[in-house]
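To start, the structure under review is shown below, and the notes come after it.
The values are calculated or read from the model by the stated rules, or taken from the named source; none is laboratory data. Source: prediction; values computed, not measured. Virtual Cβ from ideal backbone geometry, glycine too; neighbours counted across all protein chains shown.
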Amino acid sequence: MARPFLPPRWFVRGAWKTHKLVLRATNDRGLRPPVPGRCGIMRLTTTGRRSGEPRAVVLCYIEDDGRLVTLAMNGWDPADPAWWKNLQARPAATVDLAGGASRPVTAARATGAERERLWAAMHDYSGYGDIDAFAGRRGRETAVVVLS
């Protein structure tokens, strides 16, 4: 079986940095709620685990019973993303959503049957691609992060 195509890491990182700049320039018009078949886009602001400074990242997400759910992927790189490491050290964060809504959240890692259910739910949304094939390239389990 052929490995799924992944753009080079520099491209993935550049695309997300560009997205952050576009959001800033357009007063967050690129943020969107999830709709059937398409993940939402949110801005997550964590506190740096070493610096104590705010750190913002733009992420795809889905909703699950009022909670926001995302994957701790790093462009499918084996290393965990810095935002997930920050949340593991300090679970309190803030999310900015479409329409100017901002709210505090607390992060937790989904485990067991809940993780499997949420992972399966991700298959119904574009934006993640072939998550099973991509996750297999990481060489370890991708955390499913629940923000409530």
Single match in ALA72, ALA120 (criterion: out of contact with any Leu (no Cβ under 8 Å at 6 or more places or on another chain), loosely packed, with under 12 Cβ neighbours inside 10 Å and hydrophobic (A, V, I, L, M, F, W, C)):
ALA120
Quick check: is even one residue across the stretch 58-77 in a loop (DSSP other than H, G, I, E, B), without any contact (Cβ under 8 Å) to a residue 12 or more places away in the chain and at positive phi?
yes
Has the stretch 94-112 got at least one residue that is over 15 Å from ILE41 (Cα atoms), surrounded by 14 or more Cβ atoms within 10 Å (Cβ to Cβ), hydrophobic (A, V, I, L, M, F, W, C) and over 16 Å from the mean Cα position of the chain (by Cα)?
no
When ASP124 is run through (1) modelled with pLDDT under 95; (2) touching a helix residue (DSSP H, G or I) at 6+ places or on another chain (Cβ under 7 Å), the failure sits at (2)
Anything in the stretch 74-96 that is touching a Gly at 6+ places or on another chain (Cβ under 9 Å) and modelled with pLDDT under 95? List them, or say none.
TRP76, PRO78, PRO81, ALA82
Residue that is modelled with the highest pLDDT [pool: residues in the stretch 15-38 that are assigned to a loop (DSSP other than H, G, I, E, B) and over 24 Å from ALA121 (Cβ atoms)]:
ARG29
Within the stretch 80-135, count every residue that is in a helix (DSSP H, G or I), farther than 17 Å from LEU68 by Cα and touching a residue at least 24 places away in the same chain (Cβ under 8 Å).
8
Scanning the stretch 136-148 for residues that are part of a loop (DSSP other than H, G, I, E, B) and of a type outside the set (S, T, N, Q), which turns out modelled with the highest pLDDT?
GLU141
